[in-house]
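The values are calculated or read from the model by the stated rules, or taken from the named source; none is laboratory data. Owing to the predicted nature of the structure, the values given are computational and were not obtained by experimental measurement. So basically every Cβ, Gly included, is an ideal-geometry build from the backbone, and we count neighbours across all protein chains shown. Remember, those area values only see protein heavy atoms, side chains included, never the ligands or the DNA or RNA. Shrake-Rupley method; radii C 1.70, N 1.55, O 1.52, S 1.80 Å.
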Amino acid sequence: MNWTAKLIDPIAKGLKPEFTWLRVEEARSGGWYCLSGKKSDPVVNWHHLEEDGTLKKLEAMSDKRLPVMASACSRWISSGYSVQLMAWRVGSRAIFKLRRNHVSCYAKIFRKDRQILERWKHFSGQIPGDLPSVPQIIEWNEKDKILITDERPGFSLHHLWSTGVWMPTHLEVLRSVLELLGSSPAPESLPCHQVADEISILGTRLEVFQRILKRPHAEAEPLVRSTIERLLELDEVEMSLAHRDLHDKQMVVSTSGISLIDLDLLARADPALDRGNIIAHCRLRALQGLPVPWKKVASSIAADSRLRKISPAHLQAWTGASLCRLALIYSRRTRFDGFIKKLFSSLEQLQDSRGEWEGLLE
């Protein structure tokens, strides 16, 4: 069964079957934004589906919430760059790859400046040589909210896993990135992501989940509720530095080293947040058929967490929050039949510390 058939009728009937649909998002103006193409394509082929069934291809340069895109591209082209749009979130941000004289860099255009420069500059000049590096800032245009950084050489872990490659060194990459974040200072000037923020995100995701699926999974609401309860039961801990969007696409490896990218959400948070996010994503990738030994990853990160005095209760709660969020999000993405149910089943076992999760995070 095509995954879009599980969505509510206005979406299921409105999406043309001759296209391959990858993702559906609610549009603030009404209707839905729908992404088409191949998984390996740049994330740019968005369409707007209206509630009456009208489907219209969207053009990035016509995004009224990102009005500087056209003029920025014109400046870059005039300066001799080749310009490729790599990713676009309608009304929110866009990422371009710029290339000149065989040297590439990336330009991010944001709608809002949420302490972008402070977040990206946090690691400037303070990373020891044996820890992962981060992209260097080439330019920050405060007026237009454009950040340009250098290109990191190599391939992301996700790219390697998607091509069937897993190596024992990849676990060391994950641990090394977590070590970098865990050992870095977390100044109070950075935004703070608290339990209340995570609960709000889960609540919003659940609302969209229930609105967009034709027959929402019955176990979703009680599992979200129990996930929230476990977060609320946590005692207060000292906040540490968190990437907040840490997964296999954010880590780039090459013969010259490891890089951590996309620092847009860098914040202070529970030290278990990033660790739980990595574990949950590894479980997700294994379900997607990638060669990730997720149990080995989970037990290794749990062992490192104990050494850092991170309690199993915190690691379990934040892993559960990430796994819950992924189940809600992937309900609106291409997937095989039964995929969301498997994610919810995994979450339920995690919360009870049984089945595939028994003893892993303790």
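Do you know which of the residues in the stretch 135-168 that are within 16 Å of ILE95 (Cβ to Cβ) and part of a loop (DSSP other than H, G, I, E, B) is most open to solvent (accessible area, probe 1.4 Å)? Among residues in the stretch 135-168 that are within 16 Å of ILE95 (Cβ to Cβ) and part of a loop (DSSP other than H, G, I, E, B), the one most open to solvent (accessible area, probe 1.4 Å) is GLU151.
Residue-level check: of (1) more than 30 Å from VAL24 (Cα to Cα); (2) among the aliphatic types (A, V, I, L, M); (3) open to solvent by 10 Å² or more (accessible area, probe 1.4 Å), ILE329 misses just (1). Screening VAL208 with (1) surrounded by fewer than 12 Cβ atoms within 10 Å (Cβ to Cβ); (2) of a type in the set (Val, Ile, Thr); (3) touching a helix residue (DSSP H, G or I) at 6+ places or on another chain (Cβ under 8 Å) gives one miss only, at (1).
Residues that are open to solvent by 40 Å² or more (accessible area, probe 1.4 Å) and at pLDDT 95 or above number at least 1 in the following strands (runs of 3 or more DSSP E) confined to the stretch 1-72: 21-26, 32-36, 55-57. Number of residues in the stretch 335-353 that are in a loop (DSSP other than H, G, I, E, B) and farther than 16 Å from ARG230 by Cα: the value is 4. β-branched (Val, Ile, Thr) and outside any loop (DSSP other than H, G, I, E, B), is that true of ILE127? So ILE127 does not fit the description; no.
Given the conditions (1) surrounded by fewer than 20 Cβ atoms within 10 Å (Cβ to Cβ); (2) without any contact (Cβ under 8 Å) to a residue 60 or more places away in the chain; (3) closer than 25 Å to LEU350 by Cα; (4) of a type outside the set (A, V, I, L, M), which single one is not true for SER183? Of (1) surrounded by fewer than 20 Cβ atoms within 10 Å (Cβ to Cβ); (2) without any contact (Cβ under 8 Å) to a residue 60 or more places away in the chain; (3) closer than 25 Å to LEU350 by Cα; (4) of a type outside the set (A, V, I, L, M), only one is false for SER183: (3). Those strands (runs of 3 or more DSSP E) of the stretch 214-296 that lie entirely within it include none in which at least 1 residues are among the basic types (Lys, Arg), touching a Pro at 6+ places or on another chain (Cβ under 7 Å) and without any contact (Cβ under 8 Å) to a residue 12 or more places away in the chain. Taking the stretch 301-322 as the range and being hydrophobic (A, V, I, L, M, F, W, C) and surrounded by 15 or more Cβ atoms within 10 Å (Cβ to Cβ) as the test, the residues that pass are ILE301, ALA302, ILE310, ALA313, LEU315, ALA317, TRP318, ALA321.
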